[in-house]
Structures are given as C-alpha cells and as structure tokens.
Amino acid sequence: MSQTDMTIFEKLESEVRSYCRSFPTVFTKAKGYKMWDEKGTEYIDFFSGAGALNYGHNDPTMKAKLVDYILSDGITHSLDMATAPKAEFLTTFNDVILKPRNLDYKVMFPGPTGTNTVESALKLARKVTGRTDIISFTNGFHGMTIGALSVTGNAFKRKGAGIPLQNVVTMPYDSFVNDNLDTLEYLERFLEDGGSGVEIPAAMILETVQGEGGINAASFEWLQRVEQICKRWGILLIVDDVQAGVGRTGTFFSFEKAGIKPDIVCMSKSIGGYGLPLAITLIRPDLDIWAPGEHNGTFRGNNHAFVTATAALSYWKDENFEKDIQEKSERIFKFLERIVADYPELKGEAKGRGYMVGISSEVEGLSGQIAAEAFDRGLIMETSGPKDEVFKLFPPLIIDDEGLEKGFKIIEDSVKAVLG
Ligand code: PMP
C-alpha cells in the first residue's frame, strides 16, 4: 500500500493542528481498544478520542445498526424535524438512563459539539434568571467559542482571542480540599455582601473531574456544598459532563456518586456512541422556557448518531457493565499509585476518578516525554493540565484485561526509559 506523504499536513493544514503532531503517523483502521496506522503498526488506545470513544472503535452492534439504517435509505439530515431515530433515542435515554436514576430532564439538541451544549446552557441560565454573571473555575474547560471560552480557565486557549471577561468570575476549583483555601466560603461572603452591589450570578459551571485542566477530581463534599450554595442563592448549577460523562468516571453521569442534581447538564463526546457528533443539554423541566427556534442550528441531531447513541445505551441495561468499570477503575488507580511509589524521580501524583485518571509530574516536561515514548512503543495517550504536567490514561470502557495489562506495561517501560 502506498504511504501518505506526511508533509501534506505541514503544507496544507493550518498550524493549529495538534494531535497529528503528538501522534505523527497516518491512522487507517481501528477496532475496540486498538488502532493501526498505514505501516501496519498496532497501537493500544488509552486516549479514546479525547473521551468521544468510550465504547471503543467500531463497536459491532452499533456498526450493524448503522449499516442497516444506511442501507435502508434512512433519513440522514433533518435539522430538528421529528424522525424515528430521534424518537427512539429519546425514549431509550429516558427509560434506560433518566428514570432509573430518578431524573426527569428535558432533552435539548443544541448542535453537534460539546461547545454547543455549553453555549446553550449559559444562554438558558441567563434567560431563566434574568441575570448575567457566571461563576466558573480555574482550569475548567468548556469549549472554544467566545462564550464557552470566557468560562474556560486556560490562559493559553484564551490568549489572542480578545475574550471580554465581563460577567464571568473565575474562582479556584475545589481549593477547599486542596489548599486549605475555602473557595466556597469566600464566595458566600461575597454573595452575602449586598452592600457592595455584588450581583447574584445566573449560574455556576463546572466539571466534576477536570479533563483538560489536569485531571482534577472535586471531592463529593465540595460538589454537595456547591449545590447547597446554588440552591440557597437561586443560582443554577450547570455540570459540564462532556468529558466526564457517559461512564468515564464509573457511573453514567459523573455527579451520581456525589448525590447532587444539577439544574442543567451538558453532554457530548461519547453520547453519540460511535464517535459521531451529537450533543445534548439536559434541562430541569421547569427551566425549559425556550421559545420555539430561539436556539437553533443546522446540525441539531444527526440521525446516524441517534442510531448509534441508542444502540450504545444497551450497555447500560446490563448492571455488570457499571460494576466492571468500577472494578477495573480500582486496578487502574492502584497501578498508577504503584508507579508513583516505585519511581520517586517522577515526583508524581496519581489523580482522577474512574477511567479518567493520570499521573501529574512535578518535573517539567516529563509527562510529555513519557507520552511521546509510549507512542513510540505503541500506546496512544495524551497530556493535560496547564503545563501539560499530567499524562492521562483514558482507555475505552470496554477494554479487557489483556488490553489494560499491555497498556500498563508500555507505560511502565516508557517511564523507565525516560528516567534512564
Ligand atoms: N467541555 C468539556 C469538559 C470538554 O472536555 C470539551 C472538549 N474537550 C468541551 C466542553 C468542548 O467540546 P467540543 O470539543 O466537542 O466542542
């Protein structure tokens, strides 16, 4: 097979390209937790499309349903017209996910991406409350459009975009637990101080585990206190579950174990199930005051994605699926803790929850070197955090023991090689 000239990307694609720099090869094929490039090299995928492939690549059931649908000339594009795949998705999502968890959200289709759901949530919170301020958190990541970027606590991503930070207050994330600085107490004092003319915010937006910001997992206690403050002051709680949702932290929604019920939930990435673009905004029913067409978009709901998204929900009908994720999560975390203990030169810390974990190294540049070494040895994983200080383990939820063990071995060999 002739091989693609890698200089094509340099010559023709914008300088903004990133993953093709971190993983410099041409990928051709993928199945489950494995990917192959055009040279035939096999890679273990500990990246999962940045969380868009929680069910792995080319899941056979989803593929069969999609192929059948395409062969039957099923409708592809339909804006937000009524279609059978949309009805099936809504019904299955309600029956399999919402009802058993005592949740009764209305489902909005805001556009195809995570950024779209965040934008719709921020807009709705302002519309419902009639207020404008939004509280966001340091190292939070919510998307790349101007609105979503303004609540994203990442200087590099914001640099040069000329973001007006009006009406957004960024507070330290879960520093209550991490730094002995009680952010939430500080926030409450601020809100109580009516004399200074402090405006009550419309919403708080947060990730329960920050993905791009360095795999920072907020404690359940902190999340519960956030919810209490929101209730006390009539502030809407928006949980951005774009990356942490769909099982990534061990439960379908990342906030389930904390026992909180956000007013609005943002989901995308793995909700489509097959790597197909789909986003949903879950809205507490009494907040669903949108006028028809007030928020629209050409690609609101992709019927191919509805077909695979519905098929993906079958995994959640089997209670062993969740148990298996949680059991394997413990093993993954134990592995990370052992690496941190066995290689003190890493100056590492094991972080995260579920299948959303990593090691943060205090040694500058080390995590990036380990990820690059792992790629050369056949494992795909990325780095995250403000200084790319975390190498991030994001295997698909369907990975088997053999895949995990192979991945662990490559990581340990890479750590050894980089530390010399
Ligand atoms: N929110 C979070 C938590 C994310 O991780 C991301 C993507 N990394 C987004 C929003 C934006 O999603 P998208 O890239 O699909 O627009």
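The values are calculated or read from the model by the stated rules, or taken from the named source; none is laboratory data. Everything quoted here is computed from the prediction, not taken from an experiment. Ideal geometry is used to build each Cβ from the backbone, glycine not excepted, and the neighbour counts take in all protein chains shown. Only protein heavy atoms, including side chains, enter the accessible area calculation; ligands, DNA and RNA are left aside. Shrake-Rupley method; radii C 1.70, N 1.55, O 1.52, S 1.80 Å.
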Kindly state, to the nearest 0.05, the FRET efficiency for Glu88 paired with Ile146, given R0 = 30 Å and r defined as their beta-carbon distance. 0.30
Residues of the range 23-50 with amide N under 18 Å of a point placed 7 Å along Cα→Cβ from Ser2: 26-28, 38-40
How big is the Kirkwood radius of the range 310-420, worked out from every pair of different alpha carbons and given in Å to one decimal? 14.5
Using helices alone, what [θ] at 222 nm do you get for the chain, with -39,500 (n - 2.57) per DSSP H run of 4 or more residues, divided over all residues and rounded to the nearest 500? -10500 deg cm²/dmol
Could you tell me the center-to-center distance, by alpha carbons, between the range 189-229 and the range 101-118 in angstrom? 21
Most mobile of Arg17, Arg377, Arg338 in a GNM of the chain (Cα contacts under 10 Å): Arg17
Whose amide H sits under 5 Å from the amide H of Thr170, counting only residues 5 or more places off or on another chain, with H placed in the peptide plane? Ser136
Of all the accessible heavy-atom surface of the chain, with the other protein chains kept in place and a 1.4 Å probe, what percent is carbon and sulfur? 53
Could you tally the net charge around Thr113, taking each other residue with its Cβ under 11 Å from the Cβ of Thr113, Lys/Arg +1 and Asp/Glu -1? 0
Give me the extension gain from Asn167 to Glu412: residue separation times 0.36 nm, minus the current Cα-Cα distance, reported in nm with one decimal. 83.7 nm
Using all C-alpha to C-alpha distances in the chain, build P(r) with 20 Å bins and read off the rounded percent in each one. 26, 58, 16, 0
Mean accessible area per residue over the chain (1.4 angstrom probe, all protein chains present, square angstrom) is 44
What spacing in nm lies between the two simple spin-label points modelled at Arg232 and Glu327, each 7 Å away from Cα in the Cβ direction? 4.2
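DSSP H helices in the chain with Cα extent of 30 Å or more along the helix axis and mean Kyte-Doolittle hydropathy at least -1.0?
Values: long enough: 319-342 (35 Å, -0.89).
Counting only whole DSSP H runs, the qualifying helices are 319-342.
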